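A.B. asks: One structure follows; several queries about it will come next.
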Amino acid sequence: MAQVLFLGGLGRSGTTLVERLLGELPGMCALGEVVHLWQRDVRDDERCGCGDRFSACEFWKRVGKSAFDGWDNVDVDRVHRLREAVERTRHIPRLASATTASAEVREYASFYSKVYAAAAEVSGAQVVIDSSKHSALAHVLRWADDIDLRVVHVVRDARGVAYSWTKKVSRPESDGTDEMTRYSPGRSALLWNAHNAAFGLLARRGVPVRRIRYEEFLADPRAGLIRLADFAGVSLHPEDLDFLRPEHADLRPGHSAAGNPMRFTVGRLPLRHDDAWVRALPSSQRRLVGAVCGPMLRAYGYPINVASEAP
Ligand SMILES: [Zn+2]
């Protein structure tokens, strides 16, 4: 049975950084955002975290061979149709209240189970990490056969998340022609509420969910990683954390299939808390996001009134 650590949360909450650090631990293999593997990799042949095209990456070649007897045997259109039918945010109430899974949910989940099992076999890792983030996918995976699912729910201050969604970020894997999606602060605030609430709901359905605050994790990544490894059932030796330095981490190349451009970083990754939003997010937008997300910000222990440091 594949042991899967699913990293969940709204995008721009720090899941890629958490995944990169976890991926350095022995016994863990980081796969990136598997939710995008079907289109961006199997179909569009974008770049793996190792820098190779997906079709040229030895790791993913072996995973495809083991899981499906080759990626050519995956019906990507079928995966898309199933995804549309079961894995949308609007489906979460139905997924959460179900006492049995539909055939479509099981079939969709089986595509993921096969990738996880093959990746565990090829890498020899005890735990594979999927940083897909999407709460609806986590609710689908609750029904997957043959996986031991544990979820790390990464929460970041909604105002920092909102600011990040307003910034332009290009997607290097598409050779610079494409940019990552942008949202207005009002829209990202609503998404922040919905996605974070969905992970609370998943925990109430009996799935092991460990919530971490990104800001706290970055303040002491060593302690954070020890806690997450423990949650994943992986035992560590002190030297396993030698890649962590006071201000940065030393990263080896990984095979992240899709996700934030940070997946391509090799070598020095700065571990600095990015609080640019405190100065750069206009106060009207800060108030808007603070009002929309207030109850949950409070529940997660964030201060509602954050003084701007701008003159
Ligand atoms: Zn690769």
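The values are calculated or read from the model by the stated rules, or taken from the named source; none is laboratory data. All of these numbers come straight from a predicted model, not from anything done at the bench. So basically every Cβ, Gly included, is an ideal-geometry build from the backbone, and we count neighbours across all protein chains shown. Ligands, DNA and RNA are stripped out before the accessible areas are found, and what is left, the full protein with its side chains, is counted by its heavy atoms. Shrake-Rupley method; radii C 1.70, N 1.55, O 1.52, S 1.80 Å.
A.B. asks: Using only C-alpha positions, report the orientation-averaged shadow area of the convex hull of the chain, nm², one decimal.
C.D. replies: Taking the Cα atoms of the chain, their convex hull projects to 15.7 nm² on average.
A.B. asks: Moving on. Skip the ligands, DNA and RNA, and give the accessible area per residue of the chain with a 1.4 Å probe, whole Å².
C.D. replies: 44
A.B. asks: Between Val169 and Glu104, 0.36 nm times their residue separation minus their Cα-Cα distance comes to what?
C.D. replies: 19.9 nm
A.B. asks: Among Cys50, Ala189, His248, whose Cα projects farthest towards the positive end of the dipole of the chain, with charges put on the beta-carbon of Lys, Arg (+1) and Asp, Glu (-1)?
C.D. replies: Farthest towards the positive pole: Ala189.
A.B. asks: Could you rank the peptides 140-147, 223-230 by their average count of other C-beta atoms within 10 Å per residue, with the highest value first?
C.D. replies: The peptides rank, most packed first, as 140-147, 223-230.
A.B. asks: Please compute, for the alpha-carbon atoms of segment 155-261, the extent along each of the three principal axes and give them in descending order in Å.
C.D. replies: Result, largest extent first: 43, 40, 25 Å.
A.B. asks: Can you check how the C-alpha radius of gyration of segment 86-202 compares to 2.2 N^0.38 Å, as a plain ratio?
C.D. replies: In units of the globular-protein estimate, segment 86-202 measures up at 1.22.
A.B. asks: Between rounded, prolate and oblate, where does segment 4-96 land on the alpha carbon gyration tensor, with a ≥ b ≥ c its root eigenvalues, rounded for a/c under 1.5, else prolate if a/b exceeds b/c?
C.D. replies: In terms of gyration-tensor shape, oblate.
A.B. asks: What's the extension gain from Arg43 to Met1 if we count 0.36 nm per residue and subtract their Cα-Cα distance?
C.D. replies: Gain on stretching Arg43 to Met1: 12.3 nm.
A.B. asks: Using only Cα atoms, tell me the angle between helix 76-86 and the longest principal axis of the chain; keep it within 0 to 90° and round to the nearest 10.
C.D. replies: 50
A.B. asks: Same structure, new question: Could you check how much of the accessible area of the chain is carbon and sulfur, as a whole percent, using a 1.4 Å probe?
C.D. replies: Solvent-exposed carbon and sulfur of the chain make up 49 percent of the total.
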